[in-house]
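Each remark here refers to the structure printed beneath this line.
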Amino acid sequence: MKKHIPVMVGNSYEIDIRTLGTSGEGVGRYEDFTVFVPNALPSERIRATITEVKKTYAKAQLKEILAKSKNRINPICSIYEKCGGCQLQHLDYEAQLMAKRQQVVDAVTRIGKLKDLSVLPTIGADPPWNYRNKMQFPVGIEKGKPIIGCFAQGSHAIVDTHDCHIQKEGNNAIVNVVREIAAKLRTPIYHEDRHTGALRHVVGRVGKDGALMVVLVTAVRELPREKEWVKLLRARLPHLVSIHQNIQTYRNNVIMGRETRLLWGRATIIDMLGSLSFHISPRSFFQVNTVQAKQLYDKVLEFAQLTGKETILDAYCGTGTITLFLAQKARKAYGIEIVRPAVEDAKKNARDNRIKNATFLVGDATVLMPRLYKEGVCPDVIVVDPPRAGCTEAVLKTFAAMHPDRIIYVSCNPASLARDLAILSTLGYHAQKLQPVDMFAQTIHVECLTQLIRHDLL
């Protein structure tokens, strides 16, 4: 029997908003039919106009708030309603923290079926603004002039951004200077549809003491007027220490290509996590919120329960941040990473921090971990911090086959985390507790870490 759809595109309806969706939109129901409404909040009654109808849900545009949530506040950003970079500026910060915990609870109960897992209160940021040490914005053209900023909500239209409130001020300075130089030098701007032009993205990184790295991502191998670019960037950005060109010639949505050229200055910038310093190259993974990353890693250390006698294995080690953080309290630490430049950074980070009990290997975890096990490496604790998609079942089986006492799973995606925790449960590992950490204030995203214990040790 065909399900009745009670809404039509173009019509307006009064809707009670019940929860937040995974993209930060309000989720309500009209005659038992689900409707997603951006910028609406739980406990609000709103009037919205339907913009899209599917078999099981509809999307709508907020037109009027009939009953306002007590947690609604005025966003501080003038382009907030256009820009897709933030989703929760209209929600009081304490309510953001509760909403993120609820997002995690919903994922682990509905997807993971883990109803008894203890989800702790979200660790908040202080302050929840100007925290991002990395920026990567697309470049476009509007009325013949370069524009740089986030994509608008639900599209690839660029919203020109001059003062992003979640970026460190150094990144905002980079954006504004690059925009001016691109206009001055008449640099051909990349056109996504036609696959023409040169400059397609700008990446900025802010390190220790405000040191800046600029990465110009181009669709061509030669940056037009390269020497002038370097001269002008150096003149306009006093804290600049590193300029790179990254070459991304493919017709896809991948931001950075595999080849990077150093145009001027240092190959890396340095940032700190606690007492440890880290070299960061253009393509290296490093947590975008340094202050909250320290809180996260302190929790990883707590969950690992180290006595100094343990062997640690970090399966997606990046530049070695977690590996080196734990190595200070362990007997031996191994880090595995498939991106070679990141491993080179990790080795350098170990040397610079005089940590001698950490070994870093390049390769696929599913290949290297069984080899290490055959060579007699028996980790007491495995730490994993995978991409948003989570781990494959093969990777999870590889973890379990090494029989660690504990697995610490760090994730930026509650849905894939919940799925993987359910799989690990079938492989003999019980999720004990889960700690959300707000690494990305004003957005819907949340970082989590989970402590898993081998069943026979409970």
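A quick yes/no check of all residues on (1) surrounded by 13 or more Cβ atoms within 10 Å (Cβ to Cβ); (2) within 29 Å of ASP193 (Cβ to Cβ):
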residue	(1), (2)
ARG225	yes, yes
LEU237	yes, no
VAL254	no, yes
ARG258	no, yes
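Being touching a Cys at 6+ places or on another chain (Cβ under 8 Å), assigned to a strand (DSSP E or B), of a type in the set (S, T, N, Q) and under 20 Å from TYR297 (Cα atoms) holds for only one residue in GLN451, GLN435, and it is GLN435.
When ALA219 is tested against (1) crowded, with 17+ Cβ neighbours inside 10 Å; (2) out of contact with any strand residue (DSSP E or B) (no Cβ under 8 Å at 6 or more places or on another chain); (3) of a type outside the set (Asp, Glu), exactly one condition is not met: (2). Name the single residue, out of those in the stretch 170-208 being under 27 Å from the mean Cα position of the chain (by Cα) and among the β-branched types (Val, Ile, Thr), that is farthest from MET256 (Cα to Cα). Only one residue fits best here, namely VAL177.
When each of ARG340, ARG351 is tested for being surrounded by fewer than 22 Cβ atoms within 10 Å (Cβ to Cβ), modelled with pLDDT under 95, among the basic types (Lys, Arg) and assigned by TED's automatic domain parsing to the domain that holds ILE382, the lone residue that passes is ARG340. Counting the residues of the stretch 244-265 that are in a loop (DSSP other than H, G, I, E, B), without any contact (Cβ under 8 Å) to a residue 40 or more places away in the chain and within 17 Å of PRO341 (Cα to Cα) gives 1. Do we find that PHE278 is part of a loop (DSSP other than H, G, I, E, B), under 19 Å from the mean Cα position of the chain (by Cα) and over 19 Å from VAL177 (Cβ atoms) in this structure? Answer is no for this residue.
Okay, residues lined up against (1) hydrophobic (A, V, I, L, M, F, W, C); (2) touching a Pro at 6+ places or on another chain (Cβ under 8 Å); (3) assigned by TED's automatic domain parsing to the domain that holds VAL206:
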| residue | (1), (2), (3) |
| --- | --- |
| THR19 | no, yes, no |
| ALA48 | yes, no, no |
| GLU81 | no, yes, no |
| LYS113 | no, no, no |
| VAL119 | yes, yes, no |
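Scanning the stretch 296-333 for residues being at positive phi and either of a type in the set (Asp, Glu) or within 19 Å of the chain's Cα centre (by Cα) (or both) gives a total of 2. Only one entry in ASP420, ASP364 is charged (D, E, K, R) and modelled with pLDDT under 95, namely ASP364.
From the list LEU301, LEU313, LEU273, the lone residue that is closer than 30 Å to HIS201 by Cβ and among the aliphatic types (A, V, I, L, M) is LEU273. Per the listing ARG194, ARG200, the residue uniquely of a type in the set (Lys, Arg) and either within 23 Å of ASN130 (Cβ to Cβ) or surrounded by fewer than 22 Cβ atoms within 10 Å (Cβ to Cβ) (or both) is ARG194. Pairing residues of the stretch 206-221 that are in contact (Cβ under 8 Å) with a residue 24 or more places away in the chain and over 14 Å from PRO238 (Cβ atoms) with residues that are among the aromatic types (Phe, Trp, Tyr) and buried (at least 17 other Cβ atoms within 10 Å of the Cβ), at Cβ distances under 6 Å and at least 6 apart in sequence or on separate chains, gives ALA219/TYR190. Residues being touching a residue at least 24 places away in the same chain (Cβ under 8 Å), of a type in the set (S, T, N, Q), buried (at least 18 other Cβ atoms within 10 Å of the Cβ) and within 23 Å of ASN39 (Cβ to Cβ) are entirely absent from the stretch 131-152. In the set VAL27, VAL7, only one residue is surrounded by 14 or more Cβ atoms within 10 Å (Cβ to Cβ) and without any contact (Cβ under 8 Å) to a residue 40 or more places away in the chain; that residue is VAL27. If you check VAL230, VAL220, VAL300, VAL241 for being outside any strand (DSSP E or B) and more than 20 Å from ARG186 (Cα to Cα), only one passes: VAL300.
The numbered conditions (1) over 25 Å from VAL108 (Cα atoms); (2) outside any strand (DSSP E or B) are all true for TYR13 except (2). Evaluate the following for PHE286: is it crowded, with 22+ Cβ neighbours inside 10 Å, part of a loop (DSSP other than H, G, I, E, B) and either aliphatic (A, V, I, L, M) or touching a strand residue (DSSP E or B) at 6+ places or on another chain (Cβ under 8 Å) (or both)? In short, yes.
The values are calculated or read from the model by the stated rules, or taken from the named source; none is laboratory data. What you see is a predicted model, and the numbers here were worked out from it, not measured in a lab. With ideal geometry, Cβ positions are generated from the backbone for all residues, glycine too; neighbour counts draw on all protein chains shown.
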